[in-house]
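The values are calculated or read from the model by the stated rules, or taken from the named source; none is laboratory data. In this text the structure is predicted, and so the values were computed from the model without any measurement. Neighbour counts run over all protein chains shown; Cβ positions are idealised from the backbone, glycine included.
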Amino acid sequence: MAEEKTDHNVLIIHSSTAERKISLQDLQHGPHCRYSIIEADLAEKERCHQEWFDAILLDLQGADTDGLQILDRLKIQYPGTVIIVLASQRNEQLAIRAIENGAHDYLITDQLSPELIQRTIRSNIKHLQLQNQLQANQKRQELITALTLNIRQSLVLDETLKTTVEGVRQLLGCDRVLAYQFSPDMSGTIIAESVQAGYQTSLGQTVRDSYFQDQGAQEYCKGRIQWVDDIYTANLDPCHIKLLEQFNVRAILVTPILLQDSHKTPPRLWGLLVAHQCVGPRAWISDETKLLEMLSLHIAIAIQQAQLLEQTQTALEKAKALSAFKSKILTTISHEYNTPLTAIKAAAETLRVHSNSLDSSHRDRYLSIIEYKAKYLSVLVKDMLLANQADLDQLQLKPMDINLERLFSKLIDEHQDIETDNNHISLTSLGNIDNFVGDLGLLQQVFENLLSNAIKYSLEGGDIQLVIVGEATQITCHINDEGMGIPEADIPYLFQVFRRGSNVGEIPGTGLGLNIVKAAVELHGGSIVVKSKQGKGTRIKVELPKRPKENFTLHN
């Protein structure tokens, strides 16, 4: 089978028409190449400025140093063209100077032969092609190295992806490169894009492709790489073609971005790195698929680095918040301990000194003070521990059957003596309140806090109403008072830790109680609503499911 000939365009610039004819004849009969030849003499060379050539033969005979000036202009006009100078034996030094000035080779006209001219042209074209390819590969490798280094060093994912898609589009010379992240339902969002001017942007768009809900995700998890040279000849699903047409895509190259959470689990499909050719079909080559695959691996590492950094920062911020929280607790608790301890000390001292002169009612009064203040300190410690557990998301339910009417009655009795001289507390039960399941310790803390607040902030007395309403699947508890109320602006912040109403003045309190109440109620799957008007009292509604929504085991 005969070797296929290569086509070369050659410009011959000669001072002698006769010599030029000889060169033409030498080239036209080449056994390896077909030559398309354009002639010009030194005076008319400018007329060829629109042409592109593989090689130029420049005759320096009789041109003297003007030939070097012509050479300089040719290098500028045809930067990717082989330039071979022709010189006679007597001006060979001029030819050597031309080589020094950028010519690729020279031939002595006295020694020309068809084989020599053809061989010289072929070898120089081949050498220049190899040199250009080497330079291109070197530049490409430099870009790849810089890009991968940037990916590995960056800890900000958005910047990493933006740099990557820009770099990949530059390396591949394609029309669009994008990074695509999957959602749990296997739809996806284009979160980074580099696109050639004139083509539609796809950044931020959500794409739903049923292929990934079916078998596509599993295939890509196994490392599938998809390359399509032309979407109209690749036997693609019509719906997929229609999707690609929305972005003017004609050829596509796709590699998965896989995250390896641990060596014991299979890779997880995070997203895709995608290259688009829009201007027309494109035959992707092996090096391009390997490049995209390699960069997908680097992106996966960058994603995991970014996620680890985010987790570390979150943990650090949580640690700082916890430290500040504990510091605030210590400050608050130490302050709140002083008043009840002073009362306990005073009551105990009175009993010790005046016990014999006090009648039984006064002795009982001082003992009640000691008992109540000690209980207050106990509640304070419980609040502190529960607030810490809530802040760390460590509150856990220990569900059991609870008689809510009995729980409320006990709380009322405990508060009846010392705190309620000016208040009347009533308890009403409506509907079916049986078969209620909850965490007794947490619910005691919830309603203890709410009842204590109702009493504490009802300084001038008034009724306090506790109402329990039972329905088929829910219990609703109302705690209503006629106290000082809460400023409207404070209500949205009441459940934040250490936040109290701005009108409480010197009334003692830690600002922990309502934060614990909300956390405990929500842990049961319930909700709490506060309605209040300053000077007009407060109405609190707590809704609790009769059974927690999560699976649970009853505790005895």
> Which condition number in (1) of a type in the set (A, V, I, L, M, F, W, C); (2) under 25 Å from R140 (Cα atoms); (3) touching a residue at least 40 places away in the same chain (Cβ under 8 Å) is the one that L297 fails?
Replying inline: (3)
> Tally time: how many residues in segment 204-224 are under 18 Å from I252 (Cα atoms) and touching a Lys or Arg at 6+ places or on another chain (Cβ under 9 Å)?
Replying inline: 1
> Of the conditions (1) touching a helix residue (DSSP H, G or I) at 6+ places or on another chain (Cβ under 6 Å); (2) touching a residue at least 40 places away in the same chain (Cβ under 8 Å); (3) aliphatic (A, V, I, L, M), M484 fails just one. Which one is it?
Replying inline: (1)
> So which of L544, L443 is modelled with pLDDT of 90 or more and in contact with a Gly (Cβ under 6 Å, 6 or more places away or on another chain)?
Replying inline: L544
> How do the pairs read when you match residues in segment 211-232 that are surrounded by 12 or more Cβ atoms within 10 Å (Cβ to Cβ) with residues anywhere that are of a type in the set (F, W, Y), using Cβ under 6 Å and keeping only pairs 6 or more apart or on different chains?
Replying inline: W227/W284
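For every residue, the table says whether it meets (1) touching a Phe, Trp or Tyr at 6+ places or on another chain (Cβ under 8 Å); (2) at pLDDT 80 or above; (3) outside the structural domain of V85 (by TED's automatic domain parsing); (4) under 20 Å from Y35 (Cβ atoms).
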position	(1), (2), (3), (4)
I108	no, yes, no, no
L112	no, no, no, yes
E115	no, yes, no, yes
Q118	no, yes, no, yes
K126	no, yes, no, yes
Q129	no, yes, no, yes
Q141	no, no, yes, no
> Cβ-Cβ below 7 Å, separation at least six or inter-chain, first residue in segment 514-531 and closer than 15 Å to M384 by Cβ, second acidic (D, E) and part of a helix (DSSP H, G or I): which pairs?
Replying inline: I516/D383
> So is R122 closer than 30 Å to F247 by Cα, surrounded by fewer than 20 Cβ atoms within 10 Å (Cβ to Cβ) and not assigned by TED's automatic domain parsing to the domain that holds Q305 or not?
Replying inline: no
> Restricting attention to segment 377-385, does a residue exist that is of a type outside the set (A, V, I, L, M, F, W, C), out of contact with any strand residue (DSSP E or B) (no Cβ under 7 Å at 6 or more places or on another chain) and over 25 Å from I516 (Cβ atoms)?
Replying inline: no
> Residue check: is A520 touching an Asp or Glu at 6+ places or on another chain (Cβ under 7 Å), assigned to a helix (DSSP H, G or I) and surrounded by 16 or more Cβ atoms within 10 Å (Cβ to Cβ)?
Replying inline: no
> Only one of these conditions is not met by F447: (1) farther than 30 Å from A324 by Cα; (2) in contact with a strand residue (DSSP E or B) (Cβ under 8 Å, 6 or more places away or on another chain). Which number is it?
Replying inline: (1)
> Among the numbered criteria (1) under 16 Å from G537 (Cα atoms); (2) free of Cβ contacts under 8 Å to residues at least 12 places away in the same chain; (3) not β-branched (V, I, T), which single criterion is violated by L385?
Replying inline: (1)
> In the list G525, G535, which residue meets the criterion of being part of a loop (DSSP other than H, G, I, E, B) and over 22 Å from D434 (Cα atoms)?
Replying inline: G535
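Here's the yes/no breakdown for (1) in contact with a helix residue (DSSP H, G or I) (Cβ under 8 Å, 6 or more places away or on another chain); (2) more than 14 Å from I402 (Cβ to Cβ); (3) in a loop (DSSP other than H, G, I, E, B); (4) among the hydroxyl-bearing types (S, T, Y):
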residue: I433; (1), (2), (3), (4): yes, no, yes, no
residue: V437; (1), (2), (3), (4): no, no, no, no
residue: Q445; (1), (2), (3), (4): yes, no, no, no
residue: L451; (1), (2), (3), (4): yes, yes, no, no
residue: A454; (1), (2), (3), (4): no, yes, no, no
> Do we find that N515 is part of a helix (DSSP H, G or I), polar (S, T, N, Q) and over 22 Å from S429 (Cβ atoms) in this structure?
Replying inline: yes
>> Can you pull out every residue in segment 260-292 that is of a type in the set (S, T, N, Q), assigned to a helix (DSSP H, G or I) and surrounded by 12 or more Cβ atoms within 10 Å (Cβ to Cβ)?
In response: T289
>> touching a strand residue (DSSP E or B) at 6+ places or on another chain (Cβ under 8 Å), more than 30 Å from L149 (Cα to Cα) and in a helix (DSSP H, G or I): is that true of L295 in this structure?
In response: no
> Would you pick out the residues in segment 64-89 that are touching an Asp or Glu at 6+ places or on another chain (Cβ under 9 Å) and more than 27 Å from N132 (Cβ to Cβ)?
Replying inline: S88, Q89
> Applying the selection to segment 115-132, what residues are in contact (Cβ under 8 Å) with a residue 40 or more places away in the chain and of a type in the set (K, R)?
Replying inline: R122
>> Taking the condition of being of a type in the set (D, E, K, R) and closer than 20 Å to C174 by Cβ, how many residues in segment 189-223 meet it?
In response: 1
> In segment 513-527, which residues are modelled with pLDDT under 90 and of a type in the set (A, V, I, L, M, F, W, C)?
Replying inline: L514, I516, V517, A519, A520, L523
> How many of the residues making up segment 456-465 are surrounded by 21 or more Cβ atoms within 10 Å (Cβ to Cβ) and not in a loop (DSSP other than H, G, I, E, B)?
Replying inline: 1
> Which members of segment 190-200 meet the condition of being within 20 Å of T160 (Cβ to Cβ) and out of contact with any Gly (no Cβ under 7 Å at 6 or more places or on another chain)?
Replying inline: I191, A192, E193, S194, V195
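To keep it simple, each residue is scored yes or no on (1) in a helix (DSSP H, G or I); (2) modelled with pLDDT of 85 or more; (3) closer than 22 Å to L450 by Cα.
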residue	(1), (2), (3)
K320	yes, no, no
T331	yes, no, no
T350	yes, yes, no
L377	yes, no, yes
L380	yes, no, yes
